[in-house]
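> Handing you a structure now.
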Amino acid sequence: MKRKQWSAALLAAVLIAASVSFAPLARAASPPGVYNFTVIGHGHGVGLSQEGAKVFAARGWNHEQILWHYYNDSKIHFLKDAIRPWRVVHAGKSYELKEYLARVAYGEIGRCGLVPNEAVKAQMVCAYTIAKKRDFKTTETDQHLLSDVHWNSNFAKQFHAEMLALARSVLGKYVAYDGAVADTLYFASCSGATASGKYAWGGNDPAPYLTGGRVSPESASITHVKFTINQIRSMAAAYNAKNPGNKVTLGSDPGQWIKVISKEAHGYVQYIQIGNRIFTGGSARMHFFGPANLRSHNFAVHFAAG
């Protein structure tokens, strides 16, 4: 009898302890306040705007006029290789040159029929120029090639002949600056004008044809992004883990963590302060906030206290 009573008492004690041990822990609440970003355009903003090229082509510009507009300098010329490689190696796989150009154009700017032909050809010249500068060995970081699955789909096959014909029409043509192969950087869209390479990545001044300010006629795409205080802290922790020698230290007042210092004429951020560190706009986008979070370094930021 005593044994049964003791066992019942023990069981009751265990159940009480369990109810205490497994009580849900309260989550740490995020401090009040949020950073609101209004982001304009898509991409680094340097060089040729793909959406702008489409508009210019629809207005009747040819591909050389489009390229000359975006890579504008008296030392820019168009040259053509009389002898060129038969194939290009991309991401470790070999492609016939004209197919490579057609697939890059399809993957980057779009297909013929949907995109004006002269804009497609401008993209192909950019693609050849980039491949030539890299000794015809490129990666997905250099430019996006339409995948085998999509290129060989029944839908894409109906455009093969015309895309390959456009590639043959500009085969071997490239952009040169002062006789050397140029850097034909390109991006999706901007808001009225292109950006300077100096603030897109930081470091040395860019080549004269990549200093930005080239008018671009496409409609601006606008996205709105919000970051909580805890999200900014997480970004700082991730950045510091990769850059232990240049850590970002956030102060006690979250409203003072992020401050835009200066901008280019059309809104691209030149310099921005995050905590105790100063970044170029493009560097902050790429290395602190992340390009998947901020589509462009053309942005306005506002802190809303909770």
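The values are calculated or read from the model by the stated rules, or taken from the named source; none is laboratory data. Keep in mind the model is a prediction, meaning the values are calculated, not measured. So basically every Cβ, Gly included, is an ideal-geometry build from the backbone, and we count neighbours across all protein chains shown.
> Of everything in region 254-266, what is surrounded by 19 or more Cβ atoms within 10 Å (Cβ to Cβ) and within 16 Å of Gly197 (Cβ to Cβ)? Give them in sequence order.
Once the filter is applied, which keeps residues that are surrounded by 19 or more Cβ atoms within 10 Å (Cβ to Cβ) and within 16 Å of Gly197 (Cβ to Cβ), region 254-266 yields Glu264, His266.
> Go through region 159-206 and give me each residue that's free of Cβ contacts under 8 Å to residues at least 60 places away in the same chain and either under 18 Å from Leu101 (Cα atoms) or buried (at least 16 other Cβ atoms within 10 Å of the Cβ) (or both).
Phe159, His160, Ala161, Glu162, Ala165, Ser169, Val181
Residue-by-condition table, conditions (1) modelled with pLDDT of 95 or more; (2) of a type in the set (A, V, I, L, M, F, W, C):
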position	(1), (2)
Trp61	yes, yes
Trp68	yes, yes
Lys75	yes, no
Tyr100	yes, no
Arg103	yes, no
Gly113	no, no
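> Tell me whether region 255-264 contains one or more residues that are at positive phi and either of a type outside the set (Asp, Glu) or assigned to a helix (DSSP H, G or I) (or both).
Within region 255-264 (the criterion being at positive phi and either of a type outside the set (Asp, Glu) or assigned to a helix (DSSP H, G or I) (or both)), the answer is no, since none of the residues qualifies.
> Here's another thing I want to ask about it. Assess whether Val104 counts as being farther than 24 Å from Gly212 by Cα and surrounded by fewer than 18 Cβ atoms within 10 Å (Cβ to Cβ).
No: the conditions fail for Val104.
> Is it the case that Ala102 is more than 21 Å from the chain's Cα centre (by Cα) and among the small types (Gly, Ala, Ser)?
yes
> Anything in region 221-251 that is hydroxyl-bearing (Ser, Thr, Tyr), modelled with pLDDT of 95 or more and either in contact with a helix residue (DSSP H, G or I) (Cβ under 8 Å, 6 or more places away or on another chain) or farther than 15 Å from Gly306 by Cβ (or both)? List them, or say none.
Selection gives Thr223, Ser234, Tyr239, Thr249.
> I need every pair where a residue in region 113-132 that is closer than 14 Å to Tyr70 by Cβ and touching a residue at least 24 places away in the same chain (Cβ under 8 Å) has its Cβ under 8 Å from the Cβ of a residue that is among the aromatic types (Phe, Trp, Tyr) and not in a helix (DSSP H, G or I), sequence separation at least 6 or different chains.
Glu118/Trp61; Gln123/Tyr186; Val125/Phe78; Val125/Tyr174; Cys126/Tyr186; Thr129/Tyr174
> Can you spot a residue in region 74-93 that is of a type in the set (S, T, N, Q) and surrounded by 20 or more Cβ atoms within 10 Å (Cβ to Cβ)?
no
> Still on this structure: Which members of region 102-136 meet the condition of being under 20 Å from Leu79 (Cα atoms) and touching a strand residue (DSSP E or B) at 6+ places or on another chain (Cβ under 6 Å)?
Val120, Val125, Cys126, Tyr128, Thr129, Ala131, Lys132, Lys133, Phe136
> Can you go through Arg295, Arg285 and tell me which one is in contact with a Pro (Cβ under 8 Å, 6 or more places away or on another chain) and among the basic types (Lys, Arg)?
Arg285
> Continuing with this model, one more query. Which residues, counting only those in region 141-172, are more than 15 Å from Ala105 (Cβ to Cβ) and not basic (Lys, Arg)?
Thr141, Asp148, Val149, Asn152, Ser153, Asn154, Phe155, Gln158, Gly172, listed by residue number.
> In region 271-284, how many residues are within 14 Å of Val301 (Cβ to Cβ) and either assigned to a strand (DSSP E or B) or in contact (Cβ under 8 Å) with a residue 40 or more places away in the chain (or both)?
6
> Could you go through region 188-208 and let me know if any residue there is among the β-branched types (Val, Ile, Thr) and within 20 Å of Asp142 (Cβ to Cβ).
yes
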